[in-house]
Amino acid sequence: MLAGETVEETYLPLETKSGEVIYADIRVTPIYGADVPQANQTPADIVAVQGMTRDATDRKRRDRLISVIHRVLRHNLRNDMGVIRGYAELLEETVDDDDVELAQRIHNTADRLIDLSETVQKLEENIDSPPQLEPIDVVPLVTRVVTQIDEAHSDASITIDASDTAVAQTAPRLETAIWELVDNAATHAGDTPTIEVEVCVTANDVVIRVIDDGPGLPDLERSVLLSGEETPLVHGKRLGIWLVYWIVTSLDGELDVLEDRPGAAIEIQLPAAS
């Protein structure tokens, strides 16, 4: 702080006289003399300190507990669902035709739960890590996502309408958000969905749109994308939409659901790089 920087420490460990370690949430900023113009201020002109601190030990313990629970649940869920999926595949090959559909249901349910555990992990990683914004051309990023999802969803028709370049002030985690939107469209927009990904540059923004010809976006998913609204019951299938919301808003971007066309049309706006 004496060098002129604002100090923000969420969990600063402090040892008490009795030897107990507690964690403090500290926010401190320097105050400069009023007679010094802001452009000329140096650390020598600091005359006071304004700060706040509070005991964050209970919150730290709670966060640790939640982190452990998440890791254990993800690990056990993924491993056990992998076993269930393996046995379901064996059943599909050995049971009578009348029972194949039942085995396939077990297989599909296991796949969904494994996907859910992976999405939760991505969500936790992207919420906890602050982004380092940098100029990134999003066109190669979008092209890579579309190519991979097109290979995984052979029944979907996915095209790109993009500028030659579109450089946004963003972070690599943007690729995860675009993946979730395109994959969601390929999975839920019908048996043979048509999906178009548009990328264009305006005066101040880079705009990415994911458009499909499916039944449209459910109201619950729409509320998550537009406002991050939390409802008492959050179904697992919407965690991918939550992930998109948190990533885009953490990158100083904006999300919108376009209403002037059939199907679902979701728009991401990111600050254009200077």
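Observations on the structure shown:
- Selection from Q121, N79, I66, by position along the positive dipole direction of the range 60-128 (Cβ): I66
- Helix-only [θ]222 nm of the chain, DSSP H runs n ≥ 4, -39500 (n - 2.57) each, per residue, nearest 500: -15000 deg cm²/dmol
- Global geometry of the range 7-55, whether rounded, prolate or oblate, following the gyration tensor of its Cα atoms and the 1.5 cut on a/c: prolate
- With 0.36 nm allotted per residue and the present C-alpha distance subtracted, the R54-V68 stretch has 2.6 nm of extension available.
- Among residues other than I208 with Cβ under 9 Å from its Cβ, the summed charge is -1 (Lys and Arg +1, Asp and Glu -1).
- Structure-derived Kirkwood radius over Cα pairs in Å: which label, when the choices are (1) 22.4; (2) 18.2; (3) 21.3: (1)
- Model label sites at N79 and E92, defined 7 Å from Cα along the beta-carbon direction, differ in position by 2.5 nm.
- The alpha carbon gyration tensor of the range 134-271 gives principal lengths a ≥ b ≥ c with a/c of 1.5 or higher and a/b no greater than b/c, which makes the shape oblate.
- Only Lys, Arg (+1) and Asp, Glu (-1) charged, at Cβ; the range 7-55 dipole about Cα centre in debye: 60 debye
- Extension gain, T10 back to C200 (0.36 nm per residue minus Cα-Cα distance, nm): 64.5 nm
- Neighbours of G190 by Cβ distance under 13 Å: Lys/Arg scored +1, Asp/Glu scored -1, total -4.
- Label point 7 Å beyond Cα of L2 along Cβ direction - residues of the range 44-63 with amide nitrogen under 16 Å: 44-50
No lab work stands behind these numbers, since they all come straight from the coordinates. These figures come from a predicted structure and were not determined experimentally. Using ideal geometry, Cβ is built from the backbone for each residue, glycine included, and neighbour counts are taken over all protein chains shown.
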